[in-house]
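Taken together, the values in this text are just the output of simple stated rules run on the coordinates, not laboratory data. These numbers were taken from a predicted model, which means no experiment stands behind them. Don't worry about glycine lacking a Cβ; one is built from the backbone with ideal geometry, like all the others, and counts go over all protein chains shown.
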């Protein structure tokens, strides 16, 4: 029984090390999203940090700031969603498809 528990603990430690490595690797992977037909473009890394934000000057209209704000929110939210999907897919490779609460 103790030997089996030791193996489980060893496997958990290996999974933890692989997850830690994956999280570091995610910082170098990027997601590109856009909104408004490309009027607002966002590049985000796998850690959900915005690396760049590009706004087409044609969409800037001081009479309609709300539209620009909506486009930025939409592009950022899409980037976050894609980043989460990318992380989930990578985690499935590590965990063999097991969903581990608190990890993803």
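How much FRET efficiency would the formula 1/(1 + (r/R0)^6) give for residue 30 and residue 73, where r is the Cβ-Cβ distance and R0 is 25 Å, rounded to 0.05? Using R0 = 25 Å, I get an efficiency of 0.80. Comparing 32, 85, 63 in a Gaussian network model of the chain, where Cα atoms under 10 Å apart are tied by springs, the biggest mean-square fluctuation is seen for 63.
For the options 20, 33, 88, a Gaussian network treatment of the chain with springs between C-alpha atoms closer than 10 Å singles out 20 as fluctuating the most. What the Kirkwood sum gives for the chain is a hydrodynamic radius of 15.9 Å, with every pair of different alpha carbons counted. If R0 equals 25 Å, the separation of the Cβ atoms of residue 53 and residue 92 corresponds to a calculated FRET efficiency of about 0.25. Highest mobility in the GNM of the chain, judged by mean-square fluctuation with C-alpha springs under 10 Å and restricted to 46, 38, 79, is found for 38.
Computed extension length for residue 64-residue 82: 3.7 nm, one decimal, from 0.36 nm per residue of separation with the Cα-Cα distance subtracted. Only DSSP H runs of four or more residues enter the estimate; each adds -39500 (n - 2.57), and after division by the residues of the chain the mean residue ellipticity at 222 nm equals -19500 deg cm²/dmol.
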